[in-house]
Amino acid sequence: MLGAALGILLPALFLAYFQVTSKLETEVKLRVEAPMRQYAEVLSRGMAVAVWNLDRGVASELVDAVMRNPDVVSVTVTDEFRDVFVRKHSEAVPTVPTLTDQRDISYNGARVGRLTVEMSPERIEREMRQDLMRFMLALLVQMALAFLFIWPLFNRRVLKPLLQLREDASRLARGELDQPLAWQRQDEMGELAHALDTMRTDLAALMSERAQKTAALQTELAERKRTEEALRVSQTKFAAIFDASPIAMSVSMVDPDVLTVDVNSAWVRVFGLDRTAVIGSNGAHTGIWRDVASRQEALRILKATGELEGFKSWMQRGQSRDPMLCELSGRVVQLGTDRVLIMAFDDITAKHRYEENILQLNATLEHRVEERTQELSATLTQLTVAQAELVRAEKMSALGSLVAGIAHELNTPIGNSLTVASTLQDHANAFSSSMAQGLTRSRLEEFVGNTRQGAGILMRGLQHAAELVSSFKQVAVDQTSLNRRTFDLHATVSEILLTLGPTIRKSNHRVLCDIAPDIVMDSYPGPLGQVITNLINNALLHAFDGVDQGCVQVAASLTPDGAVRLQVSDNGVGIPSAHLPRVFDPFFTTKLGQGGSGLGLNIVYNLVTRSLGGTVHVASNPGEGATFSLLLPRHAPVLAMESVEPEALAT
């Protein structure tokens, strides 16, 4: 409010000051300067006669007439000798600068004195100051009345809208552009508010655009930083890879004279030159080319095609000048305005010597190959014969064990039969002696009873021996031939276990048979028997180290698709996992020199997969025993030769 009042009052006062000042100047000219000139003109003429006649009375009257004017300060008349003739002055001392007018006094053309009139504008200035004060008082009253009646309207129509606009402008300056400027007025304030709202909308759009551009710039800057970092890392990696490359490499500027820019550590090692001595020079000056013509030819190819591939040239190493054959590869690349040559030097001196040696060896290679082939053929023949002998020995050993077992089994029934026969013989001799003395009925009945009892015992023993011999014959025939026949699996396995009875009883372990009845197979019982025998013997030999009484179980059943699943399992120590992949390899055994030949399971694998047409797998965990699973067809595939020698069972 004070600012608005001063804004109105100060211009009015300033204008009033200029008006009063202008009026003061006008009044001074009209009421002071004009009368002063008039007084000076009249007195200078009227004083001429009085001064000439030295009549001071007339002169004083004339001066007194002028002094009646209150603005006249003083009137001084001097003679020709500058002595004061008449002087009059007012009693009031002027406080403002006075105005003076001087005139010469002449009589008949002669200068007889000088007149000085001094007047003061103080009264006029005092009147002007009074007028100014009255004007200011009236202006203040007017301003007070104006503010009293106009201020409420001014405050409502101008000041408050301006304050609101200032607040809105401050809000815009703070960046708060979401709230619009709502003005319903149609006057200048409304137009200003509308302009500010338009500016707000434009600023919001510009700030949004600036934010988008800033985000884009930040993204671009981040991408550029990532690119620069990736480039820096790539350059670092390239420099590290370049220096760590095992191939000798160099980088040169093609223009003007193929000057070397850098070489890697492998190049320094190969050529034996210091890097600082090489950089800034070329191959012609460093002396690494044994033949300058080769260098010129390589440069010619590079300039013509832009690359060099497989170019061989003799170079020389460092100060020693040792020759070496290098294979050169290179390419010219454009980096900006520069053409850069990247070269790789591969020392193939040793390779060249090897090739020469190979060329020399090729002359005698055919003869040496023939000799080596003969040696290998002879060795293969020996290995084949040795393998056949080992297999035959294994077969004969198995057959010998079978014979020994049968002999042991036959010993009991035949010995019992022999004892019964000798007893019967003794009874017959005693009966014959008693007949000479006389035969009684009781004696006859006793003899007949003893004879009948002995004959029964003898028949049972001989029948058991006959059965053993029959089983032995069947097993022996099966294991020494590849005859195909139809057989009951349970009966065949029982016969095999019967022949293995002595071996099983000697081991203090048990062998159980759990084979489903009525499993009839059309196959080869000989290979099957050898497979079961080898698996049981393998379990008795390897499975029960540290086990007093173990158990081996032979089980068989039919699968849903009609095949036979035969399993031989034990509850022994198991097979180490490191040995599982090798159990079917030939000559692999952990009991070498302790009864193991390394061929038992290999023979099993060959017989199952070739002769019987099935598959065999082993599963074992240490301490949980092992299980050999055979999956056999009930109708074995027809072999090319079904009557091969026993040795063929392993092949």
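Annotations
- With all protein chains in place and ligands, DNA and RNA left out, the 1.4 Å accessible area ranks MET133, MET249, MET343 as MET133, MET249, MET343, largest first.
- Exposure check, 1.4 Å probe, all protein chains in place: THR590 carries approximately 80 Å² of accessible surface.
- Take CYS551: with every protein chain present and a 1.4 Å probe, its accessible area is about 20 Å².
- Potential extension, GLN374-LYS213 segment - 0.36 nm per residue separation minus Cα distance: 49.5 nm
- Volume in Å³ per residue [convex hull over Cα atoms, computed for segment 501-641]: 123
- With a Förster radius of 45 Å applied to the beta-carbon distance between ILE358 and ALA239, the computed FRET efficiency rounds to 0.70.
- In plain terms, the chain from ALA195 to ALA436 could stretch by 70.0 nm, reckoned as 0.36 nm per residue minus the Cα-Cα distance.
- Relative counts (whole %) of C-alpha pair distances in segment 256-387, using bins that are 10 Å wide: 10, 31, 23, 11, 10, 9, 5, 1
- With the simple spin-label model, which puts each label point 7 Å out from Cα in the Cβ direction, the LEU203 to VAL547 separation comes to 9.5 nm.
- ASN483/LEU365 FRET efficiency (R0 60 Å; Cβ-Cβ; nearest 0.05): 0.70
- Residue order by solvent-accessible surface for THR559, THR423 is THR423, THR559, largest first, with ligands and nucleic acids left out and a 1.4 Å probe.
- GLU125-ARG290 pseudo-label distance in nm [points 7 Å out on the Cα-to-Cβ vector]: 12.1
- Scattering curve values for segment 495-551, log₁₀ I(q)/I(0), Debye with Cα scatterers, q = 0.16, 0.25, 0.30, 0.31 Å⁻¹: -0.56, -1.11, -1.36, -1.40
- Model label sites at CYS513 and PHE81, defined 7 Å from Cα along the beta-carbon direction, differ in position by 19.4 nm.
- Efficiency of FRET between GLU25 and GLN142 - r from beta-carbon atoms, R0 22 angstrom, step 0.05: 0.25
- The listed peptides 599-609, 444-454, ordered by packing as a protection proxy, come out as 599-609, 444-454 (highest mean of other Cβ atoms within 10 Å first).
- Solvent-accessible area of ARG126 with every protein chain in place, 1.4 Å probe, in Å² to the nearest 10: 100
The values are calculated or read from the model by the stated rules, or taken from the named source; none is laboratory data. On a predicted model such as this, the values are computed, not experimentally measured, just so you know. Ideal geometry is used to build each Cβ from the backbone, glycine not excepted, and the neighbour counts take in all protein chains shown. Ligands, DNA and RNA are excluded from the accessible area calculation, which covers all protein heavy atoms including side chains. Shrake-Rupley method; radii C 1.70, N 1.55, O 1.52, S 1.80 Å.
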